[in-house]
Amino acid sequence: MKWDGHTHTPFCYHGSQAAQELYIDRAIELDFERYTLSEHPPLPQGWIDDIPLFKSLAMPEHELPDYIEHAKRMKRLFEGRIEVTVGLELDHLPGQLDFTQAIVEKWHQDLEDVVYSVHYLPTAGGMRCIDYTPDYSREHLLSYYGTMENVVNEYYNHVEAAIEWVSQLPMRKRIGHINLIEKFRKALPEIDEQQMRQRLETIIPLLVKKNVGIDVNTAGSRVETCGKPYVPEWFLAECRKQGVACIYGSDSHKPEHVGTGWEWFAKKTGGIMNRGDSK
Ligand SMILES: [Zn+2]
Ligand SMILES: [Zn+2]
């Protein structure tokens, strides 16, 4: 099945205001058969202390019902042409897991897909984004954790906790962009490949055991400081071998992003996404 499993919508405050139909029309043009809407849900008040930044990260709380309604409307509107699925890119919120739990409890009947992502790490100054800008990462993460090695270790600790947490959800679920920590790799001190590989090697059996998939997120290829997908090729191959659901995701923030990186994904996988793709 040709499926884009991670996309954003006009409800994204750091994306584009382009009409939703333009994204889905593009997916149809590219012969996609399934298209998952996976918008960022609201964050807890005060999650990030920088208010303009906080406001750009996610929709305000009162908009979530409108978003779910929007997604269901798109599903109906495109029925017969492409299967639109209703989803969210839920955040792993250390210390506030009950906030995300409450969203799931309220909306689980509508939610078909959950992309579960680590976007934040704790510091003495509060929660910080890992994917905002290189300067921000240097100022707020590197300065606090001291070395890239420590940042990377902390990041994968959170990814492991995220796999544990999301495994309890009843709908299809996958870990968003598992190597998002590489987003600014060319602008920050080098990340030790060996360390990354070791951490990812222990994550594979956890994904298998917990029956959690991966979002094979190609957005990193569009980012100059990264230049490659957020899933290493060896990791993708090993996940596929072990039966982990490997779902392509463009992480589109504008219509022209839809389907980007699909050719790379198809070359690596034959377009086959393993378990979880047919459910
Ligand atoms: Zn994300
Ligand atoms: Zn996303």
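Numbers below:
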read-out	value
Members of the stretch 1-21 found to be exposed (fewer than 14 other Cβ atoms within 10 Å of the Cβ) and closer than 18 Å to MET74 by Cα, listed by number	GLN17, ALA19, GLU21
Single residue of the stretch 166-193 satisfying the filter (of a type in the set (Val, Ile, Thr) and within 16 Å of ligand 1 (Cβ to nearest atom)) that is farthest from GLY87 (Cα to Cα)	ILE181
Selection within the stretch 158-191 - in contact with a helix residue (DSSP H, G or I) (Cβ under 6 Å, 6 or more places away or on another chain) and surrounded by fewer than 14 Cβ atoms within 10 Å (Cβ to Cβ)	PRO189
Selected residue [closer than 20 Å to LYS173 by Cβ and within 16 Å of ligand 1 (Cβ to nearest atom)] from ILE203, ILE272, ILE247	ILE247
Contacts under 7 angstrom Cβ, first residue in the stretch 249-268 being closer than 13 Å to ARG222 by Cβ, partner away from ligand 1 (no atom under 16 Å from the Cβ) and at pLDDT below 95, 6 or more apart	LYS254/ALA18
Failed item in (1) touching a Lys or Arg at 6+ places or on another chain (Cβ under 8 Å); (2) more than 15 Å from ligand 1 (Cβ to nearest atom); (3) not in a helix (DSSP H, G or I), with CYS226 passing the rest	(2)
Matching residues, the stretch 29-65, being in a helix (DSSP H, G or I) and buried (at least 16 other Cβ atoms within 10 Å of the Cβ)	PHE54, LEU57, GLU63, LEU64
Residue list for the stretch 248-270, restricted to those being under 17 Å from GLU29 (Cβ atoms) and surrounded by fewer than 17 Cβ atoms within 10 Å (Cβ to Cβ)	LYS254, GLU256, GLU263, ALA266
Among residues of the stretch 66-120, those that are part of a strand (DSSP E or B) and either surrounded by fewer than 15 Cβ atoms within 10 Å (Cβ to Cβ) or within 16 Å of ligand 1 (Cβ to nearest atom) (or both), counted	11
Test: residue in the stretch 244-262 that is part of a helix (DSSP H, G or I) and either modelled with pLDDT under 95 or of a type in the set (Lys, Arg) (or both)	no
Residue within the stretch 181-201 that is among the β-branched types (Val, Ile, Thr), closer than 22 Å to PRO44 by Cα and within 16 Å of ligand 2 (Cβ to nearest atom) present	no
Test for SER143: is it within 16 Å of ligand 1 (Cβ to nearest atom) and modelled with pLDDT of 95 or more	no
Unmet requirement for GLY87, which otherwise passes all of (1) within 16 Å of ligand 2 (Cβ to nearest atom); (2) without any contact (Cβ under 8 Å) to a residue 40 or more places away in the chain	(2)
In the stretch 121-152, the residues that are assigned to a helix (DSSP H, G or I) and surrounded by fewer than 16 Cβ atoms within 10 Å (Cβ to Cβ)	PRO134, ASP135, ARG138, GLU139, SER143, GLU149, ASN150
Condition broken by GLU112, with the remaining ones in (1) within 20 Å of ASN217 (Cβ to Cβ); (2) within 16 Å of ligand 2 (Cβ to nearest atom) satisfied	(2)
Every pair of residues 6+ apart whose Cβ atoms lie under 8 Å, when the first sits in the stretch 205-217 and is among the charged types (D, E, K, R) while the second is outside any strand (DSSP E or B) and more than 16 Å from ligand 2 (Cβ to nearest atom)	LYS210/ILE163; LYS210/GLU164; LYS210/SER167
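Residue-wise test of (1) in contact with a Leu (Cβ under 8 Å, 6 or more places away or on another chain); (2) among the hydrophobic types (A, V, I, L, M, F, W, C); (3) in contact (Cβ under 8 Å) with a residue 12 or more places away in the chain.
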residue: GLU29; (1), (2), (3): no, no, no
residue: TRP47; (1), (2), (3): yes, yes, yes
residue: MET59; (1), (2), (3): no, yes, yes
residue: ASP98; (1), (2), (3): no, no, no
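The values are calculated or read from the model by the stated rules, or taken from the named source; none is laboratory data. Since the model is a prediction, treat every value here as computed from it, not as a measurement. Counting neighbours? That spans all protein chains shown, and the Cβs are built from the backbone with ideal geometry, glycine included.
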